[in-house]
1. Counting other C-beta atoms within 10 Å, and keeping those with at most 12, which DSSP coil trypsin sites (Lys or Arg not before Pro) do you find in the range 255-324?
2. Would you please name the chymotrypsin sites (Phe, Trp or Tyr not before Pro) within the range 69-171 that are DSSP coil residues with at most 16 other C-beta atoms within 10 Å of their C-beta?
3. Once each part is reduced to its C-alpha centroid, what is the distance from the range 4-27 to the range 278-307 in angstrom?
4. What percent do you get for the relative contact order of the chain when only Cα pairs under 8 Å and 6+ apart count?
5. May I have the pair-distance distribution P(r) for the chain, computed from all Cα-Cα distances with 20 Å bins from 0 and rounded to whole percent?
6. Give me the 1.4 Å probe accessible area per residue for the chain, excluding ligands and nucleic acids, in Å².
7. For the chain, modelled as a GNM with alpha-carbon contacts under 10 angstrom, which of M146, M305, M239 fluctuates the most?
8. Please give the direction-averaged projected area of the C-alpha convex hull for the range 67-122, in square nanometres with one decimal.
Amino acid sequence: MTKSQYFILILILGLLSTISPFSIDMYLPGFPSIAKDLNSTIDRVQLSLTSYFIGISLGQLVYGPLLDRFGRKRPLYIGLLIYVVASVGCAYTNSVEQLIFMRLVQAVGGCAGMVAAQALVRDLFPVEKTAQAFAMLVLVIAISPMIAPTLGGYMVASYGWHSVFLVLGGITAFILVAAFFALPEGQLADRSLSLKPKAVAKAYWTVLNNKQFAVYGFAGGIATSAPFAYIAGSSDVFMNIYQVSEKQYGWIFAILAFAMIGSTQLNHILLKYYSNKQVMKVAISYQVVTGILMVGGVMLGIINMYMLIALLFIFLTGHGLSNPNASALTLAPFTKNAGSASALMGAIRMGLGGLVSALVSVLHNGTTLPMVLVMAFCAAGGLIILLAGDGKKRSPKKEKLSDSYGQ
């Protein structure tokens with residue numbers, strides 16, 4: 001494809017992938033206002049974030065078979081329409097329980113964009129180029145946390161938190177139109193695939209039973225759950241503990257999001273000399289070290305806000321390095337079941353993200369410790385699985401992604 005075609009394709013796939021990051025990040029500055037308006041507490045409002053992660057996790061398991069059975073675009077359109085309607089419902093809710101439920105529905109709709117984008121990368125790019133394509137998607141996704149919370153902070157301060165959800169619905173409607181007119185079809189519908197529960201379960205079991213998927217799917221899933229702990233706890237840490245304003249919090253979040261942008265660009269360079277696995281292993285290893293420093297510093301009471309921001313910046317660069325390589329390694333063995341594999345990978349990640357965000361809420365004690373402790377444990381868990389699953393000796397030379405590993 002030409003450079004212009006490549007740019008348009010990556011842009012649309014990136015926009016589809018940003019629906020959930022925007023939905024997660026844009027309303028974070030409004031947590032205190034939402035808690036006040038709905039007569040609730042911060043830890044209860046945090047559960048609306050947990051419900052969103054659960055909705056993404058469950059929704060992806062549904063969309064995977066649908067994307068393989070009916071092609072990529074029809075299920076995508078239905079999901080995006082559900083998201084738009086649910087966004088309006090979130091804007092006009094009058095209780096935290098209703099918000100938690102509508103966020104669940106919103107996630108079930110919005111996750112169609114995430115699953116379709118990942119499957120289309122596997123459809124439209126050769127296997128040895130998927131890591132670079134995923135890195136470009138991560139770059140586009142990484143820009144959204146720089147924009148979303150900053151924009152959300154100004155919107156909450158000027159128009160109230162309700163406006164955030166109305167804007168999210170409008171943005172997604174625009175993405176739906178762009179996808180309709182400019183997105184390639186990708187893999188066509190496969191009428192031979194059954195949607196009966198037994199057949200769907202068998203397809204997922206086939207994917208899960210693949211060694212490469214199991215190792216990198218769970219190692220990457222646990223390690224990349226660490227930012228969800230940061231997302232769940234950061235508004236409380238910075239706005240309640242360090243007393244920054246909604247606008248200031250948005251800028252802090254944007255600065256930390258820049259950590260992922262730089263590291264995704266670095267990933268392009270590193271992959272010229274090292275394998276996906278090597279880059280991933282080093283990235284998660286230094287996240288473990290940084291996580292230990294954060295936990296130790298908080299427990300000793302020697303970390304101020306600026307030191308915490310610096311350590312978080314270092315930690316989050318690891319996400320920009322590990323995430324695209326984990327995705328590429330997880331999906332590499334699949335062609336026919338790429339939609340199901342993409343959905344299961346996303347379901348694992350978002351399910352773990354939901355558990356992590358809920359854990360931050362449960363451990364909430366008015367300090368920074370729950371957030372940094374959970375982040376450190378996520379990185380350590382991912383590294384343990386990666387090292388345990390890497391039992392087969394490999395050549396130290398650069399490795400190529402394989403379509404048959406573990407089959």
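The values are calculated or read from the model by the stated rules, or taken from the named source; none is laboratory data. Everything numeric in this text was worked out from a predicted model, so none of it was measured. Cβ placement follows ideal geometry from the backbone for every residue including glycine, while neighbour counts extend to all protein chains displayed. Ligands, DNA and RNA are stripped out before the accessible areas are found, and what is left, the full protein with its side chains, is counted by its heavy atoms. Shrake-Rupley method; radii C 1.70, N 1.55, O 1.52, S 1.80 Å.
1. Numbers: sites: K272, K277, K281; in loops: K272.
Loop-located and lightly packed - K272.
2. Details: sites: F70, Y77, Y83, Y92, F101, F134, Y154, Y159, W161, F165; in loops: Y92, W161.
The qualifying sites are Y92.
3. 29
4. Relative contact order, the chain: 28 percent.
5. 29, 60, 11, 0
6. Values: 16330 Å² over 407 residues.
For the chain, the solvent-accessible area averages 40 Å² per residue.
7. Per the Cα network of the chain with a 10 Å cutoff, M305 tops the list.
8. That works out to 3.8 nm².
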